[in-house]
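The structure follows.
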Amino acid sequence: MSGRYPDAVDVAIVGSGPTGSAYARILSEEAPGLTIAMVEVGPTVSEPAGAHVKNIVDADLRAAAQRSSEGPGVGEATLNSPRAVAQGGRRARPGTYLLPDGDFAASGDGLPMAAMSSNVGGMGAHWTAACPRPGASERIAFLDATGELDELLSEGERLLGVTTHAFDGAPFGDLLRSRLSAAVDAGRAPSARVQRMPLAVHRREDGRLVWSGSDVVMGDATRDNPEFTLFDETLATRVIVEDGHAVGIEVRDLRTGESHEVRARYVVVAADGLRTPQLLWASGIRPDALGRYLNDQSQVVFAARITGIDDVEVAEVPGTGGTLSESSGVSWVPFTDEMPFHGQIMQLDASPIPLADDDPVVPGSIVGLGLFCAKDLQRDDRLEFSEEATDSYGLPAIRVHYSLTERDRAVIERAKEEIVALGRAVGQTLDDKPFQLPLGASLHYQGTTRMGERDDGESVVSPTSEVWGVEGLYLGGNNVIPTSTACNPTLTSVALAVKGARAIASRAAIR
Ligand code: FAD
């Protein structure tokens, strides 16, 4: 041991979000004898470690957990909904913090809302938990061809605890979906028709909703694994590579400022779409595609109210037991190649919202519509890492080069037309026009360490998420996704992490 760290483990994992936790879970299940050290730069903010902050009943404690996740951005004002973001300028969502001014748009349109979370559980302690499967061109062809992709996605759903029935008691969900179906389903395959959104949310027997965070992904298999240890407030500053092999990580204990080396047979970096390539770059691991093919999902939002329900008896909504229930039902309009948007349709909180004094709103009848757009992939949309400047953790400063193409702009215009049509199908539209969120607001940064079938200079990792040319170094996160997607990416990233973890489990057994 040196300080609180072991000198050597079998597997060192950087990052405690859903994808790092998926590695820990699969390794705990499939290779229980391996010693695992997970390091996380942020503090533990919830119980069990990595739990979603929405599950914290006390509002003050919940707000404190969100602030503790905001790393160097703590104290900045935040905005608590996509709608507020659309209208509120450059401010982060609670639990997240933004890249510094100037760095988010080194060239092109930039990603003004590029954000991160620094806490045990990562963004997975703050997310909305929508877990759709990718469809059509969103899917990774070389994993699909073998039938493997769906098996991995099923495993991802198991780890994340995905359900489609948590909001069954919410009023008007079926009515809403039937109206959306009438507007879009004609000619669609059954899997691409309007349906309940798969969510990493379940309802406990006492009626309380529980949002899955990394705690659920880790599960008891990881927590009860005597060979697994989580070190919070620990910054990984370098992956150590010797003779083309990853052999450990260098860490800094943020409580004492001291640095240590943890030797490892395998290293996993799952430090988010911005900081995973940053750590590789800081370690001198700089393949051509590192930081490139950055892509995010432009987002358009609109609001509507379900009409024609004055005589409908509102079903009793199961109590939310004090949890922060942002929505009382989420419906899904899946992506298709013909309509390259992914629709997330949220019925707002079931508690009555006064629109006007003489116009009380029926619970569940206000609907927030959001369409995420797939982006053209471009090599020059990229993160640049500074040789001199550092971020607030002392790692290379990240600067963003990012531009929409003509086609991207056309897709966004189509999405605006489509969202108005969906709003009209729901009932009465509540906005004059749709809002486009500032770029980066979807929080789905992909491609920066993309997976490829072969090492052709256009990818960073192999189909098992191992970095080309650095044996034993595996990556996790949305950064690994190689396709242009519109659907929420976490399920796909967790599925890819499952494959990487299995590869380590089978190799590590051979000493
Ligand atoms: P993260 O969860 O970001 O975790 C990475 C971790 O690595 C962080 O905890 C970070 O502190 C740590 N780290 C970084 N660098 C270092 C270092 N050098 N040393 C040590 N630790 C380090 N996705 C969906 O699919 N569906 C949704 O509905 C959805 N809604 C969202 C809503 C909100 C408000 C937010 C904030 C996010 C949402 N997301 C959603 C995105 C989702 O949370 C992320 O896709 C997911 O958390 C990514 O998991 P990850 O493990 O790759 O990264």
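The values are calculated or read from the model by the stated rules, or taken from the named source; none is laboratory data. Keep in mind that this is a model prediction, so the values were computed, not measured. Cβ coordinates were reconstructed from backbone atoms using ideal geometry, including for glycine residues, and neighbour counts include every protein chain displayed. Just so you know, the surface numbers come from the protein's heavy atoms only, side chains and all, with ligands and any DNA or RNA stripped out. Shrake-Rupley method; radii C 1.70, N 1.55, O 1.52, S 1.80 Å.
With respect to residue 167, is the statement that it is farther than 25 Å from residue 17 by Cβ and aromatic (Phe, Trp, Tyr) true?
Numbers: farther than 25 Å from residue 17 by Cβ: no; aromatic (Phe, Trp, Tyr): yes.
The answer is no for residue 167.
Can you find a residue that is closer than 30 Å to residue 385 by Cβ and either modelled with pLDDT under 95 or of a type in the set (Asp, Glu) (or both) anywhere in the stretch 30-40? Give the steps one after another, and end with the answer.
Within the stretch 30-40, the first condition is being closer than 30 Å to residue 385 by Cβ, and the residues that meet it are 36-40.
Now restrict to residues that are either modelled with pLDDT under 95 or of a type in the set (Asp, Glu) (or both): 40.
Within the stretch 30-40, one or more residues are closer than 30 Å to residue 385 by Cβ and either modelled with pLDDT under 95 or of a type in the set (Asp, Glu) (or both).
Can you report the number of residues in the stretch 168-195 which are out of contact with any strand residue (DSSP E or B) (no Cβ under 6 Å at 6 or more places or on another chain), in contact (Cβ under 8 Å) with a residue 12 or more places away in the chain and of a type in the set (Gly, Ala, Ser)?
Residues meeting the conditions: 6.
Hey, can you tell me all the residues within the stretch 358-397 that are part of a strand (DSSP E or B), touching a residue at least 60 places away in the same chain (Cβ under 8 Å) and open to solvent by 40 Å² or more (accessible area, probe 1.4 Å)?
Quick first cut of the stretch 358-397, residues part of a strand (DSSP E or B) only: 359, 366-373, 382-390, 396-397.
Narrowing further to those that are touching a residue at least 60 places away in the same chain (Cβ under 8 Å): 366-373, 382-385, 396-397.
382, 384, listed by residue number.
Any residue in the stretch 451-475 that's closer than 12 Å to residue 503 by Cβ and free of Cβ contacts under 8 Å to residues at least 40 places away in the same chain: show its pairings with residues that are part of a loop (DSSP other than H, G, I, E, B) and open to solvent by 30 Å² or more (accessible area, probe 1.4 Å) at Cβ separation under 9 Å, as long as the two are six or more apart or on different chains.
That search, which allows pairs on different chains as well, returns 461/450; 461/468; 462/453; 462/454; 462/455; 462/468.
Search the stretch 48-70 for residues that are within 10 Å of residue 119 (Cα to Cα) and pair each with any residue that is in a helix (DSSP H, G or I) and among the charged types (D, E, K, R) when their beta-carbon atoms are under 7 Å apart and the residues are at least 6 apart or on different chains.
These pairs meet every condition: 49/215; 50/215.
Listed here are the residues, each with its yes/no results for (1) touching a strand residue (DSSP E or B) at 6+ places or on another chain (Cβ under 7 Å); (2) part of a loop (DSSP other than H, G, I, E, B).
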residue	(1), (2)
399	yes, no
410	no, no
416	yes, no
454	no, yes
457	no, yes
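Here's another thing I want to ask about it. Looking only at the stretch 15-35, how many residues end up being hydrophobic (A, V, I, L, M, F, W, C) and over 23 Å from residue 273 (Cβ atoms)? Lay out the reasoning, then the answer.
The initial filter retains those residues of the stretch 15-35 that are hydrophobic (A, V, I, L, M, F, W, C), namely 22, 24, 26-27, 31, 34.
Filter once more, keeping what is over 23 Å from residue 273 (Cβ atoms): 31, 34.
Qualifying residue count, the stretch 15-35: 2.
Please verify whether the stretch 2-20 includes one or more residues that are among the polar types (S, T, N, Q), open to solvent by 20 Å² or more (accessible area, probe 1.4 Å) and at pLDDT below 95.
Our first condition is that a residue be among the polar types (S, T, N, Q); within the stretch 2-20, this holds for 2, 16, 19.
From what is left, the residues that are open to solvent by 20 Å² or more (accessible area, probe 1.4 Å) are 2.
With at pLDDT below 95 added as a condition, the list becomes 2.
Scanning the stretch 2-20 turns up at least one residue that is among the polar types (S, T, N, Q), open to solvent by 20 Å² or more (accessible area, probe 1.4 Å) and at pLDDT below 95.
Just the residues that are hydrophobic (A, V, I, L, M, F, W, C) and more than 10 Å from the ligand (Cβ to nearest atom), please, taken from the stretch 273-287. Reasoning before the result, please.
The first filter runs over the stretch 273-287 and keeps only residues hydrophobic (A, V, I, L, M, F, W, C), leaving 274, 279-282, 285.
280, 281, 285 - these are the residues of the stretch 273-287 that are hydrophobic (A, V, I, L, M, F, W, C) and more than 10 Å from the ligand (Cβ to nearest atom).
Just a yes or no: is a residue in the stretch 444-465 closer than 24 Å to residue 103 by Cα, more than 10 Å from the ligand (Cβ to nearest atom), open to solvent by 30 Å² or more (accessible area, probe 1.4 Å) and not β-branched (Val, Ile, Thr)?
yes
Checking the condition touching a strand residue (DSSP E or B) at 6+ places or on another chain (Cβ under 8 Å), in contact (Cβ under 8 Å) with a residue 60 or more places away in the chain and surrounded by fewer than 18 Cβ atoms within 10 Å (Cβ to Cβ), which residue from 250, 227 passes?
Values: 250 fails: in contact (Cβ under 8 Å) with a residue 60 or more places away in the chain.
Testing whether each residue is touching a strand residue (DSSP E or B) at 6+ places or on another chain (Cβ under 8 Å), in contact (Cβ under 8 Å) with a residue 60 or more places away in the chain and surrounded by fewer than 18 Cβ atoms within 10 Å (Cβ to Cβ) leaves just 227.
Continuing with the same structure: Anything in the stretch 213-272 that is basic (Lys, Arg) and away from the ligand (no atom under 12 Å from the Cβ)? List them, or say none. First the steps, then the outcome.
The initial filter retains those residues of the stretch 213-272 that are basic (Lys, Arg), namely 223, 238, 252, 255, 263, 265.
Listed by number, the residues that qualify are 223, 255, 263, 265.
Condition first: closer than 24 Å to residue 158 by Cα, within 16 Å of the ligand (Cβ to nearest atom), open to solvent by less than 50 Å² (accessible area, probe 1.4 Å) and in a strand (DSSP E or B). Can you find one or more residues in the stretch 197-204 that meet it? Working first, answer last.
Filtering the stretch 197-204 down to residues closer than 24 Å to residue 158 by Cα leaves 197-204.
Adding the requirement that they be within 16 Å of the ligand (Cβ to nearest atom) leaves 197-202.
In the following step, the residues that additionally are open to solvent by less than 50 Å² (accessible area, probe 1.4 Å) were identified as 197-201.
Restricting the remaining residues to those that are in a strand (DSSP E or B) gives 199, 201.
Yes, the stretch 197-204 contains at least one residue that is closer than 24 Å to residue 158 by Cα, within 16 Å of the ligand (Cβ to nearest atom), open to solvent by less than 50 Å² (accessible area, probe 1.4 Å) and in a strand (DSSP E or B).
Same structure again: Scanning the stretch 484-508 for residues that are part of a loop (DSSP other than H, G, I, E, B) and either closer than 18 Å to residue 291 by Cβ or among the basic types (Lys, Arg) (or both), which turns out least open to solvent (accessible area, probe 1.4 Å)?
Residues of the stretch 484-508 part of a loop (DSSP other than H, G, I, E, B): 484-489.
Imposing the further condition that a residue be either closer than 18 Å to residue 291 by Cβ or among the basic types (Lys, Arg) (or both) reduces the set to 484, 489.
Working: 484: 27, 489: 2 Å².
Applying the filter and picking the extreme gives 489.
Further, regarding this structure: Could you please find all residues in the stretch 130-163 being part of a loop (DSSP other than H, G, I, E, B) and either on the phi < 0 side of the Ramachandran plot or in contact with a Ser or Thr (Cβ under 9 Å, 6 or more places away or on another chain) (or both)? Let's see the steps before the verdict.
Just the residues of the stretch 130-163 that are part of a loop (DSSP other than H, G, I, E, B), to begin with: 131-135, 139-140, 145-147, 161-162.
Listed by number, the residues that qualify are 131, 132, 133, 134, 135, 139, 140, 145, 146, 161, 162.
Here is a follow-up. Which of the numbered conditions does residue 69 fail, given that it passes all the others? Conditions: (1) open to solvent by 70 Å² or more (accessible area, probe 1.4 Å); (2) touching a strand residue (DSSP E or B) at 6+ places or on another chain (Cβ under 8 Å).
Among (1) open to solvent by 70 Å² or more (accessible area, probe 1.4 Å); (2) touching a strand residue (DSSP E or B) at 6+ places or on another chain (Cβ under 8 Å), residue 69 violates only (1).
Shifting gears a bit: Restricting attention to the stretch 97-104, does a residue exist that is outside any loop (DSSP other than H, G, I, E, B) and modelled with pLDDT of 95 or more? Give the steps one after another, and end with the answer.
Quick first cut of the stretch 97-104, residues outside any loop (DSSP other than H, G, I, E, B) only: 97-98.
When the remaining residues are screened for being modelled with pLDDT of 95 or more, the result is 97-98.
Scanning the stretch 97-104 turns up at least one residue that is outside any loop (DSSP other than H, G, I, E, B) and modelled with pLDDT of 95 or more.
In this structure, does residue 125 turn out to be under 30 Å from residue 164 (Cα atoms), more than 10 Å from the ligand (Cβ to nearest atom) and open to solvent by less than 10 Å² (accessible area, probe 1.4 Å)? Lay out the reasoning, then the answer.
Numbers: under 30 Å from residue 164 (Cα atoms): yes; more than 10 Å from the ligand (Cβ to nearest atom): no; open to solvent by less than 10 Å² (accessible area, probe 1.4 Å): yes.
Answer is no for this residue.
Here is a follow-up. What number of residues in the stretch 231-247 are touching a Ser or Thr at 6+ places or on another chain (Cβ under 8 Å) and open to solvent by less than 50 Å² (accessible area, probe 1.4 Å)? Can you show your working first?
Residues of the stretch 231-247 that are touching a Ser or Thr at 6+ places or on another chain (Cβ under 8 Å), as a first pass: 232, 237-241.
Right, trim to open to solvent by less than 50 Å² (accessible area, probe 1.4 Å) and you get 232, 237, 239-240.
Total meeting the criteria: 4.
Residue 210 versus (1) modelled with pLDDT under 95; (2) open to solvent by 20 Å² or more (accessible area, probe 1.4 Å); (3) within 14 Å of the ligand (Cβ to nearest atom); (4) hydrophobic (A, V, I, L, M, F, W, C): which is the lone unmet condition?
Exception for residue 210: condition (3).
Also: Any idea which residue in the stretch 21-43 is farthest from the ligand (Cβ to nearest atom), counting only those that are surrounded by fewer than 20 Cβ atoms within 10 Å (Cβ to Cβ) and part of a loop (DSSP other than H, G, I, E, B)?
First, the residues of the stretch 21-43 that are surrounded by fewer than 20 Cβ atoms within 10 Å (Cβ to Cβ): 29-30, 32-33, 35, 43.
Narrowing the set further to residues that are part of a loop (DSSP other than H, G, I, E, B) leaves 32-33, 35, 43.
On the way: 32: 22, 33: 25, 35: 18, 43: 10 Å.
In this case the residue turns out to be 33.
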